[in-house]
Structure formats: C-alpha cells, structure tokens
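Scroll down for the structure; my scribbles are underneath it.
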Amino acid sequence: MRPRFFGITASVAACGLLGSLVTACGSPASDGTTLRLVAPEYGDSPGTGSKAYWDKLTAAFTAAHPGKKVEVTIYPWADVDREVTRMVGEGNAPDVALMGAYSDFAAQGRLYSADEVLSIRAEANFLPPLVAAGSVDHTLYGLPFVASSRLLFYNEELFDKAGAEPPKTWSDLRDAAKALKKEGVLYPYALPLGPEEAHAEALIWELSNGGGYTDISGAYSIASEQNTQTFRWIKDNLVGPALTGPVPPAELNRQDAFAAFLRGDVGMVNGYPSLLHEARAKGMKVGTLSMPVSDTLGEGKTPPSAGVADWMMAFKHDGNRELVGSFLDFVYEDKNLNEFAGRYHLLPSTVSAGLASQGAGADPGTEQFLTALRGAQLYPVNEPSWLEVSNTIKRNIGKAVAPSADPKVVLEDIAQRAWDATQQK
C-alpha cells in the first residue's frame, strides 16, 4: 500500500493542460533569485517565536549568496498543512515547505527528490529511520528536519512516596499506578487520547505489544489482534480501575497532560525532550525509561520506540532547482540545524549534527532520546492517505477505552475508514 506514481502522461492528465509559464501541476515558474519558504511556528511566546531563527538564517544565506532573496511565511502548526495544500491547489506552491506530511505531494509528482537538490554528503547524512519514513519507493522526498522520540517519564518524588518501582512491563505499570492512586496522585498514569495527538500515545502502546499502524508489507493494520489486545488491556487495567485520572482519556489532550505533569499531578506520562527540559528547569526530579512492554511479548524482544519528525519538501518550479539546492544545503549545515533543534529542545535529523551537538556539551538528557530515535518507528507518513487517516485516529481512538466500548469494534471502524482513504488516493 505504497503511494502510486502514474508517470508523465497521467500526471499531465491529472493537472490539465499546462500553460507556458506553469509547471508541476500549476506551480508558477521561478525567477531563480527569490526563494519562498513556508514554515510552522514552533514557539509558544513572542520570545520563542520562529521568526528570529529564520531571520538570522536567511540573512546569513543571502550574505553568502549575493543577489538571492528568501521570503519566509510562518503559520501556526494548526494551519500550516492546510495553508500549503491551499497554495498548491491554487497553483502557487512555495519553493520549500516545512510541515508534518509530504507524501501526498510526492505522489502527485510535485516534489524534487533529495538527490535532485541536495549534495551527496547532505543526502547521506540523515538518520536511517528518518530516511525510511521520508522515502517513497526507496526515493527520499520528505527531508527530515527536526525530530523527537518518546520515553516514559515518571515523577521520582511521587514514586518514592508511593513506594513504587519504575515499571518494565505493563503489569509493573499497573501496579505502580495503583500505588500512586493510594497516595492520592490525581493522574497515576496520564493517558492523552484526546484529539490533539492521540495517534502518538496510541502508537507508543501498540508498539509495546508488537503492533503498530502498519504490517510488514506497509499496509494499515490498525485493527490487528495485537492492537485489539492492547486497547482491551488499557481499558480493563488502567481506565476501568480509574488509574488514568479525572478526565476521560478521549478528552485529555497532550498539552493538558504535560501541564498536569509539570504541576506535580501526574505519576507517569509519555513525553519528549522539551517536556524533560521544562520539568528539570522547575526543579522536578524526573526519571525516564523505555515504554514498558506487554507481559505477553516474547522474552528478549525489544520493541522500537515511537518517533516523530517534521519534513522539509522542495516543490518543483521551472528555474528554482539550483536555488533550492543551495538553500537546503545551507539549512542542513550542522550549526544551523543544531541551533534550531536546541532552541526548541528537539533532535537534529542528521548524524553529524547529532554528534556535533553531543560534542558541544548539549543537554545530557538529549542523548537518551537520540539513542531511542536511532531505532524508532515513525508514523507511516510515506502513505499519501496518512494525513486523513491520522486525523481519523485522533478523533476516534480514545473511544476504544471508553467504559461501554468494545475496542475491537472501534478499531475496525477506524481501519475501515483508513481503507476507504487509501482507495481515494
């Protein structure tokens, strides 16, 4: 179930008759001197806004490339995918975009492949799991920019008071949650299956039982036996005994779970590097470990952690390939990539930037996330239907652990919608 490329004839048929100044399905020709970049806002305040980073980087780029200009447009994360899709649909695609998905544009033949715009060194420098997720039919179209992996965080002070041990298995996690509840902890285990990022929490749990969103062939396997077992266990062992807090999991969003963790109201939650940085800045004692595994998973099996990446993509326009290539090679220089990753406590996407970050005395807590990322499994972002499927998961997966729900029925409904989405692509 990989993206389908239809060749030149079908691409022209899909795009309509192309005018002399229009290429790549309605994209305008470039003058070769001005590059348009669309990026999301990573900051959460005026002081942490992304504009300052891009202003500094583009000024350095244009100083090194006289006569070239870069125009940057920044959208909120909630809007950037939609806005880029709108621009493409209007025949006004940017030269470069940074967002959460790329494969639909790749399937339409709108993107340069990495080997068309990056130097050999830059193309070979990405971390292998990110290359796999960014590739369609073994060709890299989604250029990973920054990434994160997920680990289980636990409040060491709350654990000490409850006499709980850091969990290695699901039953350990349940026992720790019971001990925390007895001590009055509001959220023994925070389970954010609300619409903000339910697909991340769900994947973490699925992987820990040998499941996931896709099977070995790449086809969606959302309603697999392993996944069904996973959500049934969560419902019976955590949600049913009220070990997940006062807010129903389907209504608990990630940001709310993180805020509760920072207030000291959460015993355990799956988190990423920026949360660890915030917690330690507040003086909290936080332990981190790999997600506990199912008690039925074969002994000695170590499932991958969950990883997430944001993707650069280069849109095809007549006359823009050389400028795009120069700009992207500049973006992926170690110092530039590490400055952005460090600014937002994320992980760089390249081998050399990761090594340079460690050598520069970066936050020692980052190393464990880099280690997890090297063997992580990412969302199936190379499937053109993933954006639609992920939205379906976000809106519905929390229902699988509701008191009156049958997890199998909920997962089968999501799986059917995923199948329908693939047929429309």
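The values are calculated or read from the model by the stated rules, or taken from the named source; none is laboratory data. All values derive from a computational prediction rather than experimental measurement. Note that we place each Cβ from the backbone using ideal geometry, even for glycine, and neighbour counts take in every protein chain shown. Calculation scope for accessible area: heavy atoms of the full protein, side chains included, ligands and nucleic acids excluded. Shrake-Rupley method; radii C 1.70, N 1.55, O 1.52, S 1.80 Å.
Counting just the residues of region 245-295 that are among the acidic types (Asp, Glu) and more than 18 Å from His345 (Cα to Cα), which one comes out most open to solvent (accessible area, probe 1.4 Å)?
Glu251
In region 366-425, which residue that is over 23 Å from the mean Cα position of the chain (by Cα) and more than 24 Å from Asp236 (Cβ to Cβ) is most open to solvent (accessible area, probe 1.4 Å)?
Ranking the qualifying residues of region 366-425, first place goes to Gln424.
Please count how many residues of region 61-86 are more than 24 Å from Asp44 (Cβ to Cβ), in a helix (DSSP H, G or I) and open to solvent by 20 Å² or more (accessible area, probe 1.4 Å).
Selection size over region 61-86: 5.
List pairs: first residue in region 47-67 and of a type in the set (Val, Ile, Thr), second residue open to solvent by less than 60 Å² (accessible area, probe 1.4 Å) anywhere in the structure, Cβ distance under 7 angstrom, at least six positions apart or on different chains.
Note: pairs meeting the criteria are Thr58/Val70; Thr58/Val72; Thr62/Val70.
How about region 96-139: which of its residues are under 19 Å from Arg374 (Cα atoms), of a type in the set (A, V, I, L, M) and surrounded by fewer than 20 Cβ atoms within 10 Å (Cβ to Cβ)?
Ala124, Val131, Ala132 - these are the residues of region 96-139 that are under 19 Å from Arg374 (Cα atoms), of a type in the set (A, V, I, L, M) and surrounded by fewer than 20 Cβ atoms within 10 Å (Cβ to Cβ).
How many residues does region 226-236 contain that are under 25 Å from the mean Cα position of the chain (by Cα) and over 18 Å from Leu180 (Cα atoms)?
6
Scan Lys168, Lys161 and give me the residue that is out of contact with any His (no Cβ under 8 Å at 6 or more places or on another chain), more than 23 Å from Leu387 (Cβ to Cβ) and in contact (Cβ under 8 Å) with a residue 40 or more places away in the chain.
Being out of contact with any His (no Cβ under 8 Å at 6 or more places or on another chain), more than 23 Å from Leu387 (Cβ to Cβ) and in contact (Cβ under 8 Å) with a residue 40 or more places away in the chain holds for just one of Lys168, Lys161, which is Lys168.
Taking the condition of being farther than 18 Å from Pro192 by Cα and in contact with a Phe, Trp or Tyr (Cβ under 8 Å, 6 or more places away or on another chain), how many residues in region 214-238 meet it?
Here the count works out to 4.
Is region 205-216 home to any residue that is closer than 17 Å to Asn237 by Cβ, part of a helix (DSSP H, G or I) and open to solvent by 30 Å² or more (accessible area, probe 1.4 Å)?
no
Mind checking which residues of region 282-301 are on the phi > 0 side of the Ramachandran plot and modelled with pLDDT of 95 or more?
Gly283
Per-residue answers, yes or no, for (1) over 19 Å from the mean Cα position of the chain (by Cα); (2) under 16 Å from Asp265 (Cβ atoms); (3) modelled with pLDDT of 95 or more; (4) not aromatic (Phe, Trp, Tyr):
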residue: Ser148; (1), (2), (3), (4): no, no, no, yes
residue: Phe153; (1), (2), (3), (4): no, yes, yes, no
residue: Lys161; (1), (2), (3), (4): yes, yes, yes, yes
residue: Glu196; (1), (2), (3), (4): no, no, no, yes
residue: Ile204; (1), (2), (3), (4): no, no, yes, yes
residue: Leu238; (1), (2), (3), (4): yes, no, yes, yes
residue: Pro246; (1), (2), (3), (4): yes, yes, yes, yes
residue: Pro249; (1), (2), (3), (4): yes, yes, yes, yes
